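The values are calculated or read from the model by the stated rules, or taken from the named source; none is laboratory data. Predicted, not measured: the structure shown is a model, and the values here were computed from it. So basically every Cβ, Gly included, is an ideal-geometry build from the backbone, and we count neighbours across all protein chains shown. Side chains included, ligands, DNA and RNA excluded: accessible areas come from the protein's heavy atoms. Shrake-Rupley method; radii C 1.70, N 1.55, O 1.52, S 1.80 Å.
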Amino acid sequence: MCNIINPMSNVVIKFGGSVLSNLDNIGIVAKKIATEFKKPPIIVVSAMSGVTNKIESVIDSVYNSRDLQKDFVFSTGEMFSAGIFSMFLEKFGRKSEPLCGWQVPIETNSSHGNADIKAVHKERISSLLERDIIPVVAGFQGICDGRITTLGRGGTDLSAVSLAVEFGFECCLYKDVSGIFEVDPSIIKSKKLDFISYESMHNASLRGSNVVSHKAVKYASEKNIKVIVKSIFDESECTVISKKEGDSKNLIALQKAFCIKLTGLDIPEIENSIISFNKKWCIFLSESDYLKNKNNFMIEKMYKVNLMHEKPINIGIFIRIAKKYSEMYGNMDTYSWICVSKDKRKELTRELYECFAV
Ligand SMILES: Nc1ncnc2c1ncn2[C@@H]1O[C@H](COP(=O)(O)OP(=O)(O)O)[C@@H](O)[C@H]1O
Ligand SMILES: N[C@@H](CC(=O)OP(=O)(O)O)C(=O)O
């Protein structure tokens with residue numbers, strides 16, 4: 001089942017790093033847009049895959065920089081892909097113009113590195129669309145007080161959703177997967193969902209299923225705009241994220257967890273940590289706390305396998321599985337988790353899926 005995007009209708013189309021993995025792929029998707037979309041869509045692009053991580057490591061190697069400089073450099077990956085994508089569109093016969101966030105402009109608050117969108121101005125893009133020129137917007141970025149800001153990792157999804165809201169267009173996120181699955185397809189084979197509610201997707205995104213950024217899902221939910229996730233290489237399938245309450249489903253999301261196991265009660269002061277007591281004391285760290293503390297403590301890199309369940313699950317079965325794999329687990333009304341080492345994560349995920357998937 002899929003709502004095929006109608007090439008005759010107005011649409012915002014976002015291509016993420018997973019699709020923009022090399023120049024050949026950019027050429028292939030740009031050709032498809034240039035030849036199949038009669039009405040000019042608004043294209044929104046991420047940096048090519050791996051580029052933002054590389055930029056981040058360059059920034060870290062130079063200087064523990066202020067947010068202002070960091071965002072300036074961070075935003076360049078998207079500028080590069082917007083320019084290249086636009087060149088390909090022209091090569092395939094369509095007029096196009098690349099735009100940075102500040103040129104649109106997309107106004108944000110001043111939270112560098114994790115800014116929120118305050119306003120999207122339509123005039124410049126509208127004037128391009130009227131003249132049949134395809135705008136290619138660099139995602140993940142905006143402007144505040146004349147300074148470039150970035151929207152947080154995965155933020156291009158948010159750029160696309162906010163443009164779709166402002167223009168009243170459909171919003172389609174093209175990924176390297178044909179939709180949202182009950183489990184990340186790179187971990188195990190599971191069922192693809194035709195629909196998922198904002199709430200379920202938001203919960204899954206917050207707990208590691210970063211296929212769609214949690215900020216984008218929240219924004220779409222607040223503005224009640226449906227978001228379509230699909231693959232450009234298989235147009236027959238997709239997932240629609242919307243208000244529609246779907247049937248009850250279990251989703252599994254994997255999250256990296258950085259964990260200090262304590263021998264005594266000598267608890268270090270670490271911001272935002274969750275202290276969990278389950279036979280042993282341990283502290284889960286955020287990735288940034290992990291980087292700050294990795295030289296001072298023995299920190300284990302683990303995986304938190306989160307099972308999101310809309311109905312209560314059989315707790316006896318869950319605890320039996322949890323104990324088989326780990327001493328660290330938790331059970332709540334709507335989600336349960338088990339923390340395991342990297343080598344056990346697939347096996348555990350498979351067992352949870354087999355026991356609890358609907
Ligand atoms: N439940 C899920 N369903 C589909 N894909 C998922 C899920 N959880 C994680 N993923 C991963 O998300 C990836 C796509 O997201 P991402 O790399 O952020 O895309 P992009 O950067 O192109 O927007 C897929 O390659 C897939 O491995
Ligand atoms: N390039 C940025 C923004 C982004 O949205 O990327 P992607 O769409 O590839 O997840 C990041 O890596 O966070």
Note to self: Taking the condition of being near ligand 1 (Cβ under 9 Å from one of its atoms) and open to solvent by 20 Å² or more (accessible area, probe 1.4 Å), how many residues in the stretch 188-201 meet it?
What the structure shows: 2
Item checked: Checklist (1) away from ligand 2 (no atom under 14 Å from the Cβ); (2) more than 30 Å from Lys91 (Cβ to Cβ); (3) assigned to a loop (DSSP other than H, G, I, E, B); (4) not basic (Lys, Arg) applied to Gly152, failing item -> (1)
Check: Are any of the residues in the stretch 24-46 of a type outside the set (S, T, N, Q), open to solvent by 10 Å² or more (accessible area, probe 1.4 Å), under 19 Å from Leu158 (Cβ atoms) and within 13 Å of ligand 2 (Cβ to nearest atom)?
Finding: no
Notebook entry, point to check: Within the group Ile143, Ile134, which residue is away from ligand 2 (no atom under 15 Å from the Cβ), in contact with a Gly (Cβ under 9 Å, 6 or more places away or on another chain) and over 25 Å from Arg345 (Cβ atoms)?
Noted result: Ile143
Next item on the list: Sort out which residues of the stretch 20-56 are under 20 Å from Gly77 (Cβ atoms) and part of a loop (DSSP other than H, G, I, E, B), and write them in order of number.
Entry: Leu20, Ser21, Asn22, Ser46, Ala47, Met48, Ser49, Gly50
Check: Residues Ala204, Ala160: which one is in the same structural domain as Ser126 (by TED's automatic domain parsing), assigned to a helix (DSSP H, G or I) and within 8 Å of ligand 1 (Cβ to nearest atom)?
Finding: Ala204
Notebook entry, point to check: Are there any pairs, at least 6 apart or on different chains, whose C-beta atoms fall under 7 Å, with the first in the stretch 54-66 and without any contact (Cβ under 8 Å) to a residue 24 or more places away in the chain and the second assigned to a loop (DSSP other than H, G, I, E, B) and open to solvent by less than 70 Å² (accessible area, probe 1.4 Å), and if so, which?
Noted result: Ile59/Ser65
Notebook entry, point to check: Which of the residues that make up the stretch 304-358 are at pLDDT below 90, hydroxyl-bearing (Ser, Thr, Tyr) and outside any strand (DSSP E or B)?
Noted result: Ser326, Thr334
Check: Of the residues Ser126, Ser110, which single one is part of a helix (DSSP H, G or I), away from ligand 2 (no atom under 16 Å from the Cβ) and either open to solvent by 30 Å² or more (accessible area, probe 1.4 Å) or more than 19 Å from Ser75 (Cα to Cα) (or both)?
Finding: Ser126
Check: When you scan the stretch 83-107, how many residues do you find that are of a type outside the set (Asp, Glu), closer than 26 Å to Gln69 by Cβ and open to solvent by 50 Å² or more (accessible area, probe 1.4 Å)?
Finding: 2
Check: Just to be sure, is Ser178 of a type in the set (Gly, Ala, Ser) and farther than 17 Å from Lys14 by Cα?
Finding: no
